[in-house]
């Protein structure tokens, strides 16, 4: 085995080598070899678990690419190549396993199912040592050497995607995909090929090859997680940056003050952005990315709570355009700029409709809106909406309750001298309430002490950075972990951690991963949401 810290699976395979040699020396019975069927099934389940986790990571790549194609493209392309190369090697090993079984059992064997999976318990000659050598060590076509070279080439490919200073993941890849010859014994050197396939019981060789497949999926998981984290290196802890303008109203009256907040969506509260007003232009950097810079004179806005406050008292009616750049310094010292443009209309006194909190309505939420017409008392104004309901709660304050996503139009009429007059309308976007964030111990993953994790009561659903006071309740989740090469899991049908789940956590060793997955939360309207998996590594 390669140097460095070994995973439980690597330790298992290492022990298997010793057990195999001992069993061969003792000429053990077929019944003992049946135990390898259980080991092979465990490795297969582990591999399937890795494959599911990897698919989740690839979906996150796709989502981030939609949100920021320029930044994510190079990392997604590398991840896609990792997937292609991993599937190619995994399938090659599976084809070799099938060829070994067919050599021993014949084309019509029932030890291979319709999906091409090996059914160990259906193999009749588990102790037969000839098929592995006949398939893998044939003199004219030594497929064991081809397999060894394929694993080595795959390992070298993965290492080219990892920075030299990232020793941890490089050592992990070296360990999982080691193809070096075993140490000499009694002065005799045995090749990697012979060590795996010469005079080796067929079920043992198949089990070792299943271990190789698990190592491929494990290395794939490490690498694509590494690439996903690279997207955020030198950037921010959120997926997309977008300059956002929220005016108190896009429609004002001459003589009144126009006010708007300019800020970065999902901004970092630990540092204030720089908001510049004026003309700007785009330019292409050496790496092909697009950046922005101001041209000519620029005014800097005062920033309050992460938002630049723009105030101006226009002297003429009509439409007024304005814009500029929002700048923020990232963790590696580089500065990112995002442009914004907006406009406002100055008119003689007329209808004012301004959202109390934002220019978006949410389905299933009481959305407060202020509606007024200067010079008219509130009891002479009537508001209607074409998506849901709107009701007055006091004076110019209304509550909007939309019933579907899309758009909603608020129309206002006023009764003046006994005549009903149309005062205009305003369009709003209607969105679904965002998903809550699943947390355990106030975290969404990372490293955690086992005792700290055992002390937790359950999983909560937190509505992060959402303007409204909504509560989601977790109604179920699964705790799973791969321990000694086997996947173990337990389900809770509430937000509380069960005793069975605590046993899984308690058995987890240092550096083992514990997953809280299949998390379901129910909102105030009864709608259920499925939340992302929480992954912890035990300290």
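The values are calculated or read from the model by the stated rules, or taken from the named source; none is laboratory data. Treat the numbers as computed from the prediction; the structure is a model and nothing was measured. Backbone-built Cβ (ideal geometry, glycine too); neighbour counts: all protein chains shown.
Checking each residue in the stretch 298-317 for being within 34 Å of the chain's Cα centre (by Cα) and part of a loop (DSSP other than H, G, I, E, B) picks out 305, 306. Report whether or not residue 78 is under 25 Å from the mean Cα position of the chain (by Cα), assigned by TED's automatic domain parsing to the domain that holds residue 135 and at pLDDT 90 or above. So residue 78 passes the test. Would a scan of the stretch 384-397 turn up a residue that is in contact with a helix residue (DSSP H, G or I) (Cβ under 8 Å, 6 or more places away or on another chain), over 30 Å from residue 472 (Cα atoms) and at pLDDT 85 or above? For the stretch 384-397, residues in contact with a helix residue (DSSP H, G or I) (Cβ under 8 Å, 6 or more places away or on another chain), over 30 Å from residue 472 (Cα atoms) and at pLDDT 85 or above: present.
With respect to the stated conditions, residue 309 is at pLDDT 80 or above and within 19 Å of residue 245 (Cα to Cα). Can we say residue 228 is assigned by TED's automatic domain parsing to the domain that holds residue 92, buried (at least 24 other Cβ atoms within 10 Å of the Cβ) and at pLDDT 85 or above? Spelling it out, it is not the case that residue 228 is assigned by TED's automatic domain parsing to the domain that holds residue 92, buried (at least 24 other Cβ atoms within 10 Å of the Cβ) and at pLDDT 85 or above. In the stretch 281-300 there is at least one residue matching the filter, namely being touching a helix residue (DSSP H, G or I) at 6+ places or on another chain (Cβ under 8 Å), at pLDDT 80 or above and not assigned by TED's automatic domain parsing to the domain that holds residue 159.
Out of curiosity, is residue 66 more than 22 Å from residue 219 (Cα to Cα) and outside any loop (DSSP other than H, G, I, E, B)? For residue 66, the condition - more than 22 Å from residue 219 (Cα to Cα) and outside any loop (DSSP other than H, G, I, E, B) - is met. Among the residues of the stretch 176-194, are any in a helix (DSSP H, G or I), more than 36 Å from the chain's Cα centre (by Cα), under 25 Å from residue 119 (Cα atoms) and touching a residue at least 12 places away in the same chain (Cβ under 8 Å)? Yes, the stretch 176-194 contains at least one residue that is in a helix (DSSP H, G or I), more than 36 Å from the chain's Cα centre (by Cα), under 25 Å from residue 119 (Cα atoms) and touching a residue at least 12 places away in the same chain (Cβ under 8 Å). If only residues of the stretch 280-298 that are in contact (Cβ under 8 Å) with a residue 24 or more places away in the chain and closer than 22 Å to residue 259 by Cα are counted, the one that is surrounded by the fewest Cβ atoms within 10 Å (Cβ to Cβ) is 298.
In the stretch 118-150, of all residues being under 37 Å from the mean Cα position of the chain (by Cα) and surrounded by fewer than 22 Cβ atoms within 10 Å (Cβ to Cβ), the one that is nearest to residue 40 (Cα to Cα) corresponds to 119. Would it be correct to say that residue 187 is assigned by TED's automatic domain parsing to the domain that holds residue 61 and over 30 Å from residue 77 (Cβ atoms)? Yes, satisfied. Count of the stretch 90-129 residues, restricted to those that are touching a residue at least 60 places away in the same chain (Cβ under 8 Å) and in a helix (DSSP H, G or I), is 10. Any residue at all in the stretch 503-514 that's part of a strand (DSSP E or B) and surrounded by fewer than 19 Cβ atoms within 10 Å (Cβ to Cβ)? Yes; the residues of the stretch 503-514 include at least one that is part of a strand (DSSP E or B) and surrounded by fewer than 19 Cβ atoms within 10 Å (Cβ to Cβ). Those strands (runs of 3 or more DSSP E) of the stretch 378-438 in which at least 1 residues are closer than 30 Å to residue 517 by Cα and in contact (Cβ under 8 Å) with a residue 60 or more places away in the chain, considering only elements entirely within it, cover 419-431. Residues in the stretch 184-221 that are over 17 Å from residue 152 (Cβ atoms) and surrounded by fewer than 17 Cβ atoms within 10 Å (Cβ to Cβ): 184, 185, 186, 187, 188, 189, 190, 198, 199. For the stretch 463-473, the set of residues classified as surrounded by fewer than 14 Cβ atoms within 10 Å (Cβ to Cβ) and under 21 Å from residue 518 (Cα atoms) consists of 464, 471, listed by residue number.
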